[in-house]
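The structure under discussion appears below in the form of structure tokens.
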Amino acid sequence: KYPTLENYLDLLLFSPQFYTVFWNSIKMSFIILIFQLLISTPAAWAFSRFRFKGRKVIFRIYIVLMLLPFQIMMLSQYLVIDALNLMNTQWAIILPAAFSTFPTFIMYERFHAIPKGMIDAARMDGANEFQIFLHIGLPLGMSGIISSVTLGFLEYWNLIEQPMAFLEDKTNWPLSLYLPEITINRVGMLLAATIITLIPAMFVFMIGRNYVEKGIIAASMKE
């Protein structure tokens, strides 16, 4: 019952299910983050740089959706996922998370802080909107992007309610559901699995912690 290297050897050499759930967590987390970057980054740029009818109303709806807990959204998500025949697949976890409004909220203020004069100068030099977004928006808003990726990875690496509600097949489970399955008689292995599970999260946090602080400070500022 005491933590020894034997527990790590047992976990890494004789527990193939651990590698399955570890890969599931890696795969789902990275696919979610890629989709979020493709969806939320242009959305945040549009909210911060363009003025169109209903912009503030739509952005407030984004914030409300961000504040709603999963327990409130679970039924509607279940109905949509079931209608798409995605129940008990990893896409049942990936697709709802891919359209999360939280990354847009984090990136918004970083994009909004870019001086308007810089954007106008780029337009005068002949740059189109996509070039401005690519060469000015992305580099100067990188702290908001990295902070949203960091916080997103920490959240989706530890998902438990969504997989518990939408996944039945254990081969699709992430690490967050595998760890509680380890019985009290294998405390040493549980500790080893927990420490190994913490390593990716700690690694990502150490890389992005400075950007997380900047992103949170920017997100707390009002327009």
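The values are calculated or read from the model by the stated rules, or taken from the named source; none is laboratory data. These figures come from a predicted structure and were not determined experimentally. Cβ atoms come from the backbone with ideal geometry, glycine included; neighbour counts cover every protein chain shown. Note: areas computed on protein heavy atoms with side chains; ligands, DNA, RNA excluded. Shrake-Rupley method; radii C 1.70, N 1.55, O 1.52, S 1.80 Å.
Kindly report, to the nearest 10 Å², the accessible surface of residue 81 as traced by a 1.4 Å probe over protein heavy atoms only.
10
Quick one: helix 16-49 against the long Cα principal axis of the chain, what's the angle to the nearest 10°, folded into 0 to 90?
Tilt relative to the chain: about 10 degrees.
Put +1 on the Cβ of every Lys and Arg and -1 on every Asp and Glu Cβ in the chain; which of 29, 204, 57 then has its Cα farthest towards the positive end of the dipole?
57
I want to check the label-to-label distance for residue 121 and residue 70. Put each point 7 Å from Cα in the C-beta direction and report it in nm to one decimal.
4.6
Determine the calculated [θ] at 222 nm for the chain from helices alone, applying -39500 (n - 2.57) to every DSSP H run no shorter than 4 residues and normalising by the residue count; nearest 500 deg cm²/dmol.
-23000 deg cm²/dmol
Starting from the eigenvalues of the Cα gyration tensor, five times each then square-rooted, give me the equivalent ellipsoid semi-axes of the chain, largest first, whole Å.
Semi-axes, largest first: 39, 21, 14 Å.
For helix 55-67, what angle does its Cα long axis make with the longest principal axis of the chain, in degrees from 0 to 90 and rounded to 10?
Helix 55-67 sits roughly 10 degrees off the main axis of the chain.
Given the Cα-Cα distance of residue 129 and residue 14 and 0.36 nm per residue of separation, how much length would full extension add, in nm?
Values: separation 115, 0.36 × 115 = 41.40 nm, distance 5.45 nm.
That works out to 35.9 nm of additional length.
With a cut-off of 8 Å between alpha carbons and a minimum separation of six or more residues, what is the relative contact order of the chain in percent? Show your work: numbers first, answer last.
Numbers: 232 pairs, mean separation 78.2, N = 223.
Dividing the mean separation by the residue count of the chain yields 35 percent.
Any idea what the dipole of the chain comes to, in debye rounded to 20, about its Cα centre with Lys/Arg Cβ at +1 and Asp/Glu Cβ at -1?
For the chain, the charge dipole is close to 800 debye.
Please compute the length gained on full extension between residue 38 and residue 158, using 0.36 nm multiplied by the number of residues separating them and subtracting their Cα-Cα distance.
Values: separation 120, 0.36 × 120 = 43.20 nm, distance 2.22 nm.
Taking 0.36 nm per residue and subtracting the Cα distance, the gain is 41.0 nm.
Go ahead and set up a Gaussian network model of the chain, Cα springs under 10 Å, then flag whichever of 175, 190, 33 fluctuates most.
Looking only at 175, 190, 33, the largest GNM fluctuation is found for 190.
Leaving ligands, DNA and RNA out of it, rank 101, 89 by accessible area with a 1.4 Å probe, largest first.
Result of the area sort, largest leading: 89, 101.
Against the longest principal axis of the chain, how steep is helix 142-157, in degrees 0 to 90 to the nearest 10, with axes from Cα atoms?
So the inclination is approximately 30 degrees.
May I ask you to give the solvent-accessible area per residue for the chain, in square angstrom, as obtained with a 1.4 angstrom probe? Intermediate results must be reported in sequence, preceding the final value.
Numbers: 13020 Å² over 223 residues.
Heavy-atom accessible area per residue stands at 58 Å².
For the chain, what is the number of Lys pairs with C-alpha distance below 24 angstrom, counting only pairs 8 or more positions apart or on separate chains?
9
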